[in-house]
Each structure stands twice: as C-alpha cells, then as structure tokens.
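*Asks:* Quick one: this structure, given as structure tokens, is what I'll be asking you about.
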Amino acid sequence: MTAQQASSSTSFRPVAPRAGVAAVVLALALGGCANMSETQKGTAVGAGVGAGVGALVGQGRGAAIGAGVGALGGYIWSSHMQKKKAEMEQATAGTGVAVTQTADNQLKLNIPSDISFDTGRADIRPALRPILDQFANGLRDQPNTEVRIIGHTDSTGSDAVNDPLSLQRANSARDYLTARGVDPRRILTAGRGSHEPIAENNSDAGRAKNRRVEIFLAERSQG
C-alpha cells in the first residue's frame, strides 16, 4: 500500500482495553436478570455488553459503535437469527470461517485471511464472495438488523500501514454488501490494526489467525 493510500484512509487509533469497566457493565446487566424470561435476559445482556464494548473500544467512533448500538434496546436471538446462523454455517462449511452466537446475541463470522484478503491488500478474494452473498441474502427483509465489520492485521509492519489497511478491508466488505442491496446506513465499520490479536504474533500460524475480518449481525429488540 502506498503512503498516499494510507493517508487517504480514516485511521483507527484504539486505546488500551478497560476490562474493569466492561466487567462492571456486564455484572450490572446480569444482575437485573433474575426474574426475567429467557428472551428478556438476552435483551438485557445485549444492552449491557453493548455498552461494555463501547468502554473497551475507547473514545471516538468505536465507543459509539459499542455503546450506541447497545443503547438502542439490546439484542435478541430470534428465529430469523437462528435461521441465518444455520445458513451461514452451511455456506461456510469447510472454509475455516467460524460462525458463532455471541454472549450478547450477535451472529459473528470470524473470517481468516487465507480466504478473505491477500497480504497487504484490501481487495476481496473470490473465496469470500459467496460467503458475503449468502450473508447479504434476506437482510433487506429484516430492517431491524444491524451489521458491524471489523478488520484486523498481524503485527508485521507499522501502525501507520496496518491501521488504515484494516479499515480498508472492512470497508471493502461493506461495499460488497451494499452492492447486493444491504442498506449502508445499517453497516458500521472499524479497523483495529494489530491491536487486538487472538494469537501470538511470533509464528506464521499465530499471525495468520490475527489477520482476519469479523462480521457481526445483530437484531434489535422492538420493545
């Protein structure tokens, strides 16, 4: 990536996670769940963890993504979400993509770099396209859902390169989805660079795990 490309991208500068804040938020969310139904519990936890994500991400837009979405009423795990999870599990079988339900009722796709982007580039690889096609399918009929796309890199290279590159990758996935009918106003993107590794960066295998794109789908409570 050229210096001109890096300077034209909106860089993301996260701060150190404040785990204590997130823990308090989650505890408060769980503490109010004693006399709730399962659906109500999921909604309450969604709101609390959403706010906790804002605290973890830090100041600026990242905080708005976490706290803002959570404050809209929390997340629910509806039959539509369960159906979408099953569809994505089928569409990603054998690809290395992990499809999970998060603790706060979001559908999460963890997409490794070997099928998403070439090293140092933000162009979507052909192997990722059918996965994004399936993800976009049906979302136009679910207007109360929201999408977050988070790009990550390994620690190779400087923050000046990795931060904008991770955001460019998230934006590429967003642009692909919007070209297939997903309302861009429902999609938030962020680039975390190498600041949130899930594995050690001192091996090829670890670095490969850290180079990833995470896509979240959440359905808001209508209450």
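*Asks:* I want to check the label-to-label distance for Glu89 and Thr156. Put each point 7 Å from Cα in the C-beta direction and report it in nm to one decimal.
*Replies:* 3.4
*Asks:* Then there's this: Report Rg/Rh for the range 140-217, rounded to two decimals, where Rg is the Cα radius of gyration and Rh the Kirkwood radius.
*Replies:* 1.06
*Asks:* With all protein chains present, how much of the accessible area of the range 71-223 (probe radius 1.4 Å) comes from carbon and sulfur, to the nearest whole percent?
*Replies:* 47
*Asks:* Another question, then. Per residue, how much accessible area does the range 77-117 have with a 1.4 Å probe, in Å²?
*Replies:* Dividing the accessible area of the range 77-117 by its residue count gives 45 Å².
*Asks:* Here's a follow-up. Multiplying the sequence separation of Thr102 and Ala208 by 0.36 nm and subtracting their Cα-Cα distance, what value in nm do you get?
*Replies:* The Thr102-Ala208 span can extend by a further 35.9 nm.
*Asks:* Also, I was wondering about something else. Leaving ligands, DNA and RNA out of it, work out the accessible area of Thr119 with a 1.4 Å probe and give it in Å² to the nearest 10.
*Replies:* Looks like 120 Å² after rounding.
*Asks:* Using +1 at the Cβ of each Lys and Arg and -1 at the Cβ of each Asp and Glu in the range 72-223, identify which of Gly193, Ala160, His80 lies farthest towards the dipole's positive end.
*Replies:* His80
*Asks:* What's the local net charge at Phe117, with K and R +1, D and E -1, over the other residues with C-beta under 11 Å away?
*Replies:* Taking every Cβ under 11 Å from that of Phe117, the sum is +2.
The values are calculated or read from the model by the stated rules, or taken from the named source; none is laboratory data. This one's a predicted model, so the numbers in the text were calculated from it and none came from an experiment. No Cβ is skipped: glycine too gets one built from the backbone with ideal geometry, and neighbour counts run over all protein chains shown. The accessibility values were calculated without ligands, DNA or RNA, using every heavy atom of the protein model including side chains. Shrake-Rupley method; radii C 1.70, N 1.55, O 1.52, S 1.80 Å.
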